[in-house]
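Note sheet for the following structure.
Please treat every number below as a calculation from the coordinates, not as lab data. The shown structure was predicted, so the numbers you read here are calculated from the model rather than taken from an experiment. Every residue, glycine as well, gets a Cβ built from its backbone with ideal geometry; the counts of neighbours run over all protein chains shown.
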Amino acid sequence: MKIGRFEVEQLSEGIFDVFEDGTFQKIDAGNITSKKTESEVPRNATHIGIDPLLIRDGNRVILIDTGLGWGLDAKSTYTDTSNLKTNLDIFGLTPDDVTHVVLSHLHFDHAAGSTFVDDSATTQPTLSNANYFVQKLEWHYAIQRVGEANPVKGGDYNMDELYKLHAEEKLVLITDTYFELVPGITLIKTGGHTPGHQIVKIQDADETAYFLGDLVPSEFHLNQYVMKQMDIDPIQSKKAKTLILRQAVKEKAALFFYHSIHVKNGVLVQDEENRYALLDVK
Ligand SMILES: [Zn+2]
């Protein structure tokens, strides 16, 4: 779809069960029949989507988050899983065509596709011609978490991949709260979920869209706050979410969700009772 001059596409890797220990398992989308509410989802497993965002702007090819990365590694057992390579191929692109990578944060379900293991068992950057833009605070927090006893469930860092990106000087560590990636695309540090969590604002002409990362992971999270146990700083999350959603309504902005399985995007509106709803993006 179009947001001003930008071509925006969601690259879906499929639907996954997430277990309490933080592991992921791909499931057959055909097995999900009815629209479940958050309270109907079994407590020990939650269905989530994984949907990196592709933005094309002339010769610029921008990727927001890199997915699970399964199926890219030479020795991966997950060969039937969609991944960046197979999804970029749909648009006639290869990983080498990507010019910019933005990582909302460094949890492995958002960043693991950043690297892959080649035939000689060496970790390599997947998007070899791109710089990876991440908040400096996030990088330092990820390093600090190494060796800590109680990592947050489902929110782990995979340091081998991150060290490799750093060693190859692919990481651009951002210290600004608002960072202009290219004209019309701004990275906004929100914190909350992790100290260096950032979202992406896309704006051209009078059209606006947001990629919200784990600030608002799916449409279920618009009107309820169920991330409490996942967020490092729940108060900051709630504050950032309130401000961004309020702004998005004013701007008639489209939202793109990373973890939705039913409604993956929509134009944000608010009804008379101040509840959020989504309209189809034109
Ligand atoms: Zn996360």
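For the chain, the relative contact order comes to 15 percent (Cα pairs under 8 Å, sequence separation of at least 6).
Distance between the modelled labels on ASP118 and HIS262, one decimal in nanometres: 4.5 nm (7 Å Cα→Cβ projection). Listed values for the stretch 83-90 are Karplus-derived 3J(HN,Hα) couplings in whole Hz (6.51 cos²θ - 1.76 cosθ + 1.60, θ = phi - 60°), namely 8, 3, 5, 5, 6, 5, 4, 4, and x replaces Gly and Pro. Packing, as the average of other Cβ atoms within 10 Å across residues, places the peptides 123-129, 110-116 in the order 110-116, 123-129, highest first. In terms of the Cα gyration tensor, with a ≥ b ≥ c the square roots of its eigenvalues, is the chain rounded because a/c is under 1.5, prolate because a/b exceeds b/c, or oblate? Rounded, because the longest to shortest axis ratio a/c is under 1.5.
Calculated mean residue ellipticity, 222 nm, the chain: -5000 deg cm²/dmol, from DSSP H runs (n ≥ 4) at -39500 (n - 2.57) each, averaged per residue and rounded to 500. Springs join every pair of Cα atoms under 10 Å in this Gaussian network model of the chain, and among PHE257, PHE133, PHE220 the largest mean-square fluctuation is at PHE220. The spread of Cα positions in the stretch 126-220, taken along each principal axis and listed from longest to shortest, comes to 47, 36, 23 Å.
With the simple spin-label model, which puts each label point 7 Å out from Cα in the Cβ direction, the ILE232 to ARG246 separation comes to 2.5 nm.
In this Cβ point-charge picture (+1 for Lys and Arg, -1 for Asp and Glu), the stretch 2-279 has a dipole of about 700 debye about its Cα centre.
Straightening the chain between GLU180 and ARG275 buys 31.1 nm, computed as 0.36 nm per residue apart minus the Cα-Cα spacing.
Between the residues HIS193, ILE244, SER218, the greatest Cα displacement towards the positive end of the dipole of the stretch 2-279, with unit charges on the Cβ of Lys, Arg, Asp and Glu, is found for ILE244.
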